[in-house]
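Each remark here refers to the structure printed beneath this line.
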Amino acid sequence: MFSSNRNVIRWIIILSSFIIISLILWNTYTFFQKFKAEERVKMNTWSVAQIDLLENIDDLDKDVNNVTSHVLTEMTTSTPMLVIDANGEVNNYINIEDSKLSDSLKVQRIIKKFSNENTPIEVKVGKETIQTIYYGNSPLLNKLKYYPLALLLIILLFAAVVYFFYRSSKNAAQNKLWTGMAKETAHQIGTPLSSLVGWAEILKTENVNPEYITEIEKDIDRLQTITERFSKIGSAPTLQKTDIIEVTNTSFQYLQSRSSKLVNFELKNLDNEIFVNLNPQLFSWTIENLVKNAIDAMKGKGDLKLEVSQNEKQVLINISDTGKGIPKNQFQKIFEPGYTTKKRGWGLGLSLAKRIIEDYHNGKIKVLQSDIGKGTTIQILLKTI
């Protein structure tokens, strides 16, 4: 019920925000058009005053009308204007730099620009057009024109801040939840694990096949490793100088011994040691997650290859399978928490692997190559010491 109400409130807020933004943009557009129309009226008034001046300019005994003089000198304080006579020559200009009128090509560009902004006004004496007034938008009108874009940009930035804040809060809450679950799981495993250790010691005193006890102890060690892994989630792990070849071999061979015989395991390793700053428990967890995902992608049957190589500064670990493959547009998505193609999967394995490699070890994990129906190669890159 709470979730449903929260969704309704969310949609109401979104819809209200959209309506408010639409009203602001509409009012801005309306004001822009009104202001533009007022500037048109001013320019028409100026053209009428210009006609009055031209009609009386030949009469030397007649003074220029005060109203005409006022209009011609005061009504174009901010609007850029260019007056072209019947011969195509510049007769007058206002609010235009002299340097822009030194070249006829520049004049033509100004005329074209002003014509696109406003319809030119013809100055006629009788039926004869003696001048054409080209005028552009005033600085205030130009600022007003870009105001909606600035407003939209501010709204988008604000929305982005809200989104990232919400996402960060949500991720923090999820991380806190998973950390709590992991530590609780480690605590719950610890009790029966202690009991199993005790029973293993008792079995050693009985006439039990030593091989059975050895296998039990291996599984107990395995459970202890898993417990340590879960207990480390949520806290910065301790990294130590470790031979990554040895850790990789141990993890890979453990999985090989406990996997289906229908999976052909191949390990192509280097003979020399490669040291990196590593947390062995978490790194082996990554290898196991990648191997198990590869086996699942092959449905328990196919070829699985782990290859380790090295360049000047990095060690490269490639895990390849012959499974169903991954579409290219999902190469990044598969590492997101909750993403899974399995019917009963939780989508945590690859996201956990990414976190261990990139956040804890400052490395890189990515889908190196994948072909639908042929298989996938995932690569881990770590800096060497």
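The values are calculated or read from the model by the stated rules, or taken from the named source; none is laboratory data. Quantities reported herein were computed from a predicted structural model and do not represent experimental measurements. FYI the Cβ positions are ideal-geometry reconstructions off the backbone, even for glycines, and counts take in every protein chain you see. Heads up: the accessible areas ignore ligands, DNA and RNA and are worked out on the full protein's heavy atoms, side chains in. Shrake-Rupley method; radii C 1.70, N 1.55, O 1.52, S 1.80 Å.
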Handout entry: Ile287 free of Cβ contacts under 8 Å to residues at least 60 places away in the same chain, assigned to a loop (DSSP other than H, G, I, E, B) and either hydrophobic (A, V, I, L, M, F, W, C) or touching a His at 6+ places or on another chain (Cβ under 7 Å) (or both)
Key = no
Practice task
Might you let me know whether the range 235-258 holds any residue that is touching a Pro at 6+ places or on another chain (Cβ under 8 Å) and surrounded by 13 or more Cβ atoms within 10 Å (Cβ to Cβ)?
Solution key: yes
Handout entry: Residue list for the range 203-223, restricted to those being open to solvent by less than 70 Å² (accessible area, probe 1.4 Å) and either farther than 27 Å from Trp285 by Cβ or among the polar types (S, T, N, Q) (or both)
Key = Leu203, Val208, Asn209, Thr214
Practice task
Please verify whether the range 235-248 includes one or more residues that are modelled with pLDDT of 90 or more, among the acidic types (Asp, Glu) and part of a helix (DSSP H, G or I).
Solution key: yes
Practice task
Examine the range 331-348 for a residue that is open to solvent by less than 80 Å² (accessible area, probe 1.4 Å) and touching an Asp or Glu at 6+ places or on another chain (Cβ under 6 Å), and state whether such a residue exists.
Solution key: no
Practice task
Return yes when Lys127 is over 30 Å from Ser231 (Cβ atoms), surrounded by fewer than 11 Cβ atoms within 10 Å (Cβ to Cβ) and without any contact (Cβ under 8 Å) to a residue 12 or more places away in the chain and no when it is not.
Solution key: yes
Completion exercise
In the range 119-156, anything over 30 Å from Ile21 (Cα atoms) and either within 50 Å of the chain's Cα centre (by Cα) or of a type in the set (Asp, Glu) (or both) is listed as Thr119, Pro120, Ile121, Glu122, Glu128, Ile133, Tyr134, Tyr135
Practice task
Taking the options Ile319, Ile356, name whichever one is buried (at least 20 other Cβ atoms within 10 Å of the Cβ) and touching a strand residue (DSSP E or B) at 6+ places or on another chain (Cβ under 8 Å).
Solution key: Ile319
Completion exercise
Looking across the range 263-290 at residues that are more than 36 Å from the chain's Cα centre (by Cα) and among the charged types (D, E, K, R), the single one that is modelled with the highest pLDDT is Glu266
Exercise for the section: Test Lys328 against the criterion of being open to solvent by 30 Å² or more (accessible area, probe 1.4 Å), within 23 Å of Asn269 (Cα to Cα) and not β-branched (Val, Ile, Thr), and give yes or no. Expected result: no
Practice task
Could you please tell me which pairs satisfy a Cβ distance under 8 Å, a separation of 6+ or placement on different chains, a first residue in the range 197-221 that is closer than 20 Å to Arg258 by Cα, and a second residue that is open to solvent by 60 Å² or more (accessible area, probe 1.4 Å)?
Solution key: Ile213/Lys204; Ile216/Leu196; Ile220/Leu196
Completion exercise
Listed by first then second residue, the pairs whose first member lies in the range 143-169 and is under 19 Å from Lys36 (Cβ atoms), whose partner is among the charged types (D, E, K, R) and open to solvent by 100 Å² or more (accessible area, probe 1.4 Å), with beta carbons under 9 Å and at least 6 positions apart or on separate chains, are none
Exercise for the section: Evaluate the following for Leu316: is it under 27 Å from Lys170 (Cα atoms) and in contact (Cβ under 8 Å) with a residue 60 or more places away in the chain? Expected result: no
Problem - Qualifying residues in the range 262-295 (those that are among the charged types (D, E, K, R) and in contact with a helix residue (DSSP H, G or I) (Cβ under 9 Å, 6 or more places away or on another chain)) - the one most open to solvent (accessible area, probe 1.4 Å) - result: Asp271
Practice task
Considering each residue of the range 366-385, count those that are in contact (Cβ under 8 Å) with a residue 40 or more places away in the chain, of a type outside the set (Gly, Ala, Ser) and closer than 20 Å to Gly325 by Cβ, and give that number.
Solution key: 10
Handout entry: Matching residues, the range 348-365, being among the β-branched types (Val, Ile, Thr) and outside any helix (DSSP H, G or I)
Key = Ile365
